[in-house]
Structure formats: structure tokens, C-alpha cells
Amino acid sequence: MTTESRQQTIQRVTVRGMMVNFLLSLAQILSGLFAHSQALLADGLHTLADLITDAIVLITSHHSAKDADEDHPYGHARIETLASIFLGVALIGVAAGIGYRGIQSFASEEIAKTESYALAFALLAIFSKEFLYQYTIRAARKIKSSLLESNALHHRSDVFSSIVVVIGVGAQIAGYNHMDALAAIVVSVMISVMGAHLIKEAFAELIDTSLDQQLVDDIRQFINQMDGVVAVHRLRSRSMGGQGVIDTEIRVNPRLSVSEAHYISLAIEQAIKKRFEEISDVTVHIDPVADTEHDSILSLPNRAEILFSLYSALEPVKNTENILNIHLHYLTNQIEVDFILPLRFGCDSQSTLASDIDKYTADMPFVGQINIYYAPEQGENLDRT
């Protein structure tokens with residue numbers, strides 16, 4: 001799914017949720033006022049607050065979908081994470097206000113008669129909010145959006161709070177005093193817990209907490225089974241805006257060409273994204289040796305240094321200017337060297353270039369095995385019949 005279509009899905013789901021919440025909050029607040037139900041009124045104010053958080057979701061989804069730029073090379077997905085924290089804080093703030101009013105009413109000796117039709121509006125809220133939860137969570141899981149999932153959990157918390165309201169309003173109508181106020185207090189506690197959960201999940205993402213361990217193990221096993229992979233040295237994971245990010249280091253045959261190793265890394269990247277939809281970004285580091293051998297490799301001379309030593313050792317040898325290429329293989333504590341010579345030198349029985357190269361480089365420090373290969377020169381045609 002493209003970033004554009006993902007953003008459109010978030011906006012479409014959120015706008016529809018806002019429409020339902022607006023109509024529902026209006027019905028709850030008016031019925032709560034006229035039916036003398038503090039719990040229903042509190043739930044209506046809670047639903048009204050959802051409109052504000054929905055607006056935040058819309059604004060955030062627009063900015064988080066922006067492509068990476070010079071100032072934000074990893075994109076803007078973290079905006080979703082910050083918005084989830086804001087949603088959590090907003091939930092706790094609304095809960096505090098509802099709880100405070102509920103405690104005041106519970107402590108008051110004045111008891112207002114709650115009208116029976118308040119129960120119908122409380123039931124309407126349950127069905128409406130459960131519909132919003134199911135609708136939103138399906139979309140969130142489909143596009144892997146933590147922001148939309150946070151909003152879905154918000155709707156689910158509304159369902160539970162409305163259930164408490166139904167119980168409180170029903171008990172109040174049945175003649176149990178202060179049950180309406182007690183329901184408002186319980187609702188505030190439930191909303192606070194949900195808000196704290198959202199904040200906790202968002203902070204876990206901000207500090208780059210690893211993805212689910214089972215998912216990480218499945219990805220590691222998946223990579224190990226791919227062609228060209230000798231072993232997986234390291235696999236790190238984190239989440240950005242609800243999308244998984246993988247950074248892995250794999251071991252391959254040290255004699256592979258750079259282009260073939262690059263092909264393997266591209267194949268791994270595409271395969272992981274296709275197999276695991278929750279993964280949006282994969283970085284593959286190619287390693288020809290075990291990770292415990294890195295220090296040994298770094299003690300070897302670089303290409304410029306080893307070429308200088310090779311050509312210095314080959315100074316007495318004739319025709320070294322005809323060497324087509326030199327390939328270096330860094331293998332733990334030594335360098336294996338491939339000399340690529342013109343094919344005509346291999347066909348000329350009088351040529352001593354290959355034997356001279358082997359002779360004059362045999363005792364060079366850091367140099368291990370010497371391999372001689374022959375290749376046609378540029379523009380040379382070979383009869384392959």
C-alpha cells in the first residue's frame with residue numbers, strides 16, 4: 001500500500017468517525033441534561049472530546065505521510081507516535097474532569113430523579129461506539145497504522161465506559177441513589193487507564209523498543225532460509241509510526257562479487273516486505289566473515305597500500321602493465337589476490353608473467369593465496385562455437 005492510499009484511508013475512517021461522534025455527543029448531552037443523568041452527560045462530554053482528538057488524527061496523518069527530506073531523512077512517521085502520546089494525555093485530562101464531577105455529585109445529598117429514557121440513549125452509545133471500534137480497528141490493522149489503532153482503542157474505551165453508564169443509569173432509575181455519579185467515577189478511571197496505555201506504547205516506540213520477539217524470530221528464520229545466506233549475524237528491529245523497521249547483518253560467501261552480494265541484499269529486502277506486511281523498511285549489511293573476525297580484517301592494509309606493495313614487488317617483472325585487474329579478498333588475517341591477465345598470455349607458452357607474479361609475491365606479508373585468471377581484452381572477440 002502506498003503512502004498516499006494509506007493516508008487517504010486514515011482520513012476517510014477518521015472523518016466518518018467524527019460524523020458519528022458529533023451526532024452521538026449531541027444526543028448524549030441533550031438527553032443527559034433533560035433526563036438528569038450525570039453519567040450520560042459525562043459520557044456525552046467524553047464523546048465530544050473525541051471530536052477534538054479525531055481532528056488531531058487528521059492533521060497528524062497528513063504531516064506524517066510526507067516524504068523524507070533533507071531535515072528528516074527517515075521521514076515523518078514519528079509524528080504519529082507523538083500524536084498517540086497527545087491522545088493519551090487528552091484521555092487522562094477528560095477522565096480527571098469527569099471523575100471530579102462524579103465525586104462532587106456522589107458527596108452531595110441532593111439527588112435528582114433520572115428519567116427512564118436516559119437508558120435508551122446510553123444503549124445507543126454502546127452500539128454506536130462498538131461500530132466505530134470495529135470499523136476503525138479493521139482499517140488500522142489493514143494499513144498497519146498505530147495512530148488509527150490508537151483511535152480505535154479510544155472507541156473501545158468508549159464502549160466500556162458506556163456499558164458502565166448503562167449500569168449506573170439503570171440502577172439509578174431502579175432507585176439506587178448515587179449510582180449515576182458512581183458510574184461517572186468508574187468511567188473516568190477506565191478512560192485514565194486507556195490513556196496511560198497509549199502513552200506507554202508510544203514511549204516504547206520513541207525509545208526504539210524491539211518489535212514482538214516472535215516476529216523477530218520468524219524474520220530471522222526466514223532470512224536464514226534464503227539463497228546465498230550463510231548466517232544471520234545480527235538482527236535489530238524497531239517501530240516508526242506503527243511500521244516495523246529491520247536492520248540485519250548477514251554472512252555470505254567471501255568470494256562473491258559485490259554485485260552478487262548486492263543482489264542478495266535486495267532480494268532479502270523485497271522478500272521480507274512481501275512476507276511480513278508490518279515491515280516497511282529493511283537495511284541489509286553484507287559481511288563476508290564472522291562478526292568475531294572484524295578486528296583481524298581491520299588490521300590488514302587497505303587496497304591502495306596492498307597494490308603499492310604488489311607493484312613494488314613486481315617491479316623486476318616484465319609486462320606487468322598488461323595486468324587487466326586485481327581483485328582482493330579480505331579473509332580474516334590475510335588477503336587472497338586474484339590477478340586478471342590478458343587471454344593471449346595464457347595462450348602463449350613463452351610467457352612467464354603468471355609464474356613471475358607467483359614467484360615475486362609469494363613471501364609478501366598479509367598476502368595469502370595468489371590466483372591467476374585470464375580474460376579477453378576489451379574489444380577482443382572469442383569464437384564460442
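Structure summary
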| item | result |
| --- | --- |
| Unique residue being small (G, A, S), surrounded by 13 or more Cβ atoms within 10 Å (Cβ to Cβ), without any contact (Cβ under 8 Å) to a residue 40 or more places away in the chain and over 24 Å from P288 (Cα atoms) when the list is A313, A354, A375 | A354 |
| Pair list, Cβ < 7 Å and 6+ apart or interchain, from the range 228-247 residues that are within 13 Å of D287 (Cβ to Cβ) to residues that are part of a loop (DSSP other than H, G, I, E, B) and at pLDDT 85 or above | G228/V252; V229/V252; V230/V252; V230/N253 |
| Lone qualifier among A68, A55, A35, A39 - being surrounded by 20 or more Cβ atoms within 10 Å (Cβ to Cβ) and at pLDDT below 80 | A39 |
| Unmet requirement for V317, which otherwise passes all of (1) under 26 Å from R251 (Cβ atoms); (2) of a type in the set (V, I, T); (3) part of a loop (DSSP other than H, G, I, E, B) | (1) |
| Residues being surrounded by 15 or more Cβ atoms within 10 Å (Cβ to Cβ) and free of Cβ contacts under 8 Å to residues at least 60 places away in the same chain - total across the range 248-257 | 6 |
| Residue within the range 306-324 that is in contact with a helix residue (DSSP H, G or I) (Cβ under 9 Å, 6 or more places away or on another chain) and charged (D, E, K, R) present | yes |
| Verdict on T47 being modelled with pLDDT under 75 and either part of a helix (DSSP H, G or I) or more than 27 Å from the chain's Cα centre (by Cα) (or both) | no |
| Tally of residues being farther than 21 Å from S84 by Cα and modelled with pLDDT under 80 across the range 122-170 | 0 |
| Filter result for E305 (among the charged types (D, E, K, R) and touching a residue at least 40 places away in the same chain (Cβ under 8 Å)) | no |
| Options A204, A196, A174, A231; residue that is modelled with pLDDT of 85 or more, surrounded by fewer than 18 Cβ atoms within 10 Å (Cβ to Cβ) and either closer than 23 Å to F86 by Cβ or in the same structural domain as S25 (by TED's automatic domain parsing) (or both) | A196 |
| Flag for L182 being in a helix (DSSP H, G or I), under 30 Å from Q28 (Cα atoms) and touching a residue at least 24 places away in the same chain (Cβ under 8 Å) | yes |
| Residue under evaluation T292, criteria (1) β-branched (V, I, T); (2) surrounded by 14 or more Cβ atoms within 10 Å (Cβ to Cβ); (3) assigned to a helix (DSSP H, G or I), criterion not met | (2) |
| Residue check for D180: under 30 Å from D281 (Cβ atoms) and either assigned by TED's automatic domain parsing to the domain that holds T248 or over 23 Å from the mean Cα position of the chain (by Cα) (or both) | no |
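The values are calculated or read from the model by the stated rules, or taken from the named source; none is laboratory data. Quick caveat, the model's predicted, so the values are computed rather than measured. When we count neighbours, we look across all protein chains shown, and the Cβ atoms used for this are built from the backbone with ideal geometry, even at glycine.
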